[in-house]
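All remarks here apply to the structure that follows.
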Amino acid sequence: MQILRRYRVGLVVLGIFVLMGVLIMYRLKDQQARAVTRPRPDVLVGIVAPERRNMEIKLAFTADILPAKQAAIFSKVSGYIRRIHADRGDFVKAGQVLAEIDDQELQASLNQARATLQTGHAGLEMARSTLVGQRANLENQRANLAKARAVADNDARQADRMKTLFGRGLVSATDFENARTTAESARASVQAAEAQLNLAEAQIVTTDSQVRLSQAQIETYRAVLQLAETNLANTRLLAPFSGYVSQRNLDPGAAVSAQSSGTNTASVGILTIQDIETVKVQMEVPERNIARVRLGSPVRLAVDPYQGETFTGSVARVVHYLDPRSRTMGVEVEIPNPGGRLKPGMYARVEVLVETRPGALTIPAEALRLGEAKPSVMLVRNGVVEAVPVELGAADARGVEVLKGLSDKDQVILQGKDLVKPKQKVRTVPAGGQ
């Protein structure tokens, strides 16, 4: 009894360990028996059926939104800004006055040009009046010459008769000499009349040249006046088209120069206007895709500020030239923007629809097995897995087109395709189900 009392604690512990060992052995035998008697269940896989749908083939790009038109407003005349009638964010209409340049000097130049033109007209009228008088004088000189010639002819005949009579002794020598002197005087008068006629003709030629010179000067004065009027009109800077003012770089009192405006990259316009009634996007299409993009191809555009919303447009211009460095071709897309919601500078995601394939047979891209020589899918037929090679076509965000290898009645394994092997029995549920 004393021995039992001394070792009773150890005996209790030993009994507990023996009991636990018996229980563990029983549990292991029970599990082995269950494994032998209960068959292992078939693998559960999720399946989908190929879908027939109209498939859109699209090219995706990212780009910045640009205004349809943009213009920096420069002054065509030199001077100081007197007023600015628009500021950033203002909407302006085509032809609206945006700014005015001080015009005092140009107004004085215009007045001077008008006075010069009036002086030119007065000179022309004077030259024309002189020409008319000289033409009248010419006619008078012609009449004088005709009269002098008639008198000379008559005096010559009288001198010849007096010579004959003098030879016969019928008249005195004095009478004969008087007749001869009169004839010579008449001839001298004819020569003087001819000289006066030549002088009158020369004067007419000179005055006619003066008239033509005055006419040419008037044309010059008129051109100077037109330039002065244009310069004065250019002091009022007008909006070339309707749009929003996006930048204002100068203030009233700032000096502007006609010579430097817009001639270099350092030139700064007074204002910048953007037309965003339509916006555009410029993209670079890789060489392999240029044959698929055409004028008028539909375009969809999305931007972050308008989640879930799509804007539509079309390809408006195609640059028929490839950049030799990037091997890309420029394409410009126009997007109608009547509400002005799309702003220049926004980052856009662009899809160009290049083809629509009606009735295409598609499956999710996740159903493909691509690690083998040829793409394949795992099918379930009569509860057994089969590996089927497929020929693929185009792809979009919803799936991949299958050209050969499947029908729309097949059951394609989407979930669990990597857990099964061909000829293995499986259980199926619709993909996404339990």
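Numerical summary
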| quantity | calculated |
| --- | --- |
| Highest-MSF residue in the chain out of 421, 163, 69 [GNM, Cα springs under 10 Å] | 163 |
| Label-zone membership for segment 152-177, site residue 187, 7 angstrom Cα→C-beta point, backbone N under 20 Å | 152-167, 174-177 |
| Gain upon complete extension [residue 82, residue 174; 0.36 nm per residue less C-alpha separation] | 23.4 nm |
| Residue-span extension gain [residue 394 to residue 289] - 0.36 nm each, minus C-alpha spacing | 36.4 nm |
| Net length gained if the chain between residue 23 and residue 407 were fully extended (0.36 nm per residue, minus Cα distance) | 132.5 nm |
| Those residues of segment 330-360 whose amide nitrogen sits under 14 Å from the label point placed on residue 53, 7 Å along Cα→Cβ | 357-360 |
| Tensor-based shape of segment 262-348 (alpha-carbon gyration tensor, a/c under 1.5 rounded, otherwise prolate or oblate) | oblate |
| In degrees, nearest ten, helix 173-233 long axis to first principal axis of the chain (Cα) | 20 degrees |
| Theoretical FRET efficiency, 1/(1+(r/R0)^6), r = Cβ-Cβ of residue 205 and residue 149, R0 22 Å, to 0.05 | 0.40 |
| Among the listed pairs 58/280; 374/417; 374/421; 58/421, those beyond 28 Å (Cα-Cα) | 58/421 |
| Three semi-axes of the equivalent ellipsoid, segment 329-434, Cα gyration tensor, whole Å, largest first | 40, 16, 13 |
| Portion, in percent, of the accessible area of segment 232-318 that falls on carbon or sulfur, probe 1.4 Å | 47 percent |
| 17 Å reach of a label modelled at residue 194, 7 Å along Cα-to-Cβ, counting backbone N of segment 156-170 | 156 |
| Where labels lie 7 Å past Cα in the beta-carbon direction, separation of residue 325 and residue 226 in nm | 4.6 nm |
| Dipole moment magnitude, nearest 20 debye, segment 125-217 about Cα centre, only Lys, Arg, Asp, Glu C-beta charged | 200 debye |
| Given (i) 56, 55, 46; (ii) 220, 56, 36; (iii) 67, 54, 42, the label whose value is Cα extents along the principal axes in Å derived from this model | (ii) |
| Segment 111-191: C-alpha gyration tensor shape, a/c 1.5 cut-off, then a/b vs b/c | prolate |
| Antiparallel DSSP beta bridges within the chain, as percent of all bridges there, nearest 5 | 95 percent |
| Degrees separating the helix 104-168 axis from the principal Cα axis of the chain, which is the longest one | 30 degrees |
| For residue 295, net neighbour charge (Lys/Arg +1, Asp/Glu -1) across residues whose Cβ lies under 12 Å away | 0 |
| Computed [θ] at 222 nm, deg cm²/dmol, the chain (DSSP H ≥ 4; -39,500 (n - 2.57); rounded to nearest 500) | -13500 deg cm²/dmol |
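The values are calculated or read from the model by the stated rules, or taken from the named source; none is laboratory data. Everything numeric here is computed off the predicted structure, so don't read it as measured data. In this analysis, Cβ positions are derived from the backbone assuming ideal geometry, glycine residues included, and neighbour counts consider all displayed protein chains. For the accessible areas, the whole protein counts, side chains as well, though only heavy atoms, and no ligand, DNA or RNA atoms are used. Shrake-Rupley method; radii C 1.70, N 1.55, O 1.52, S 1.80 Å.
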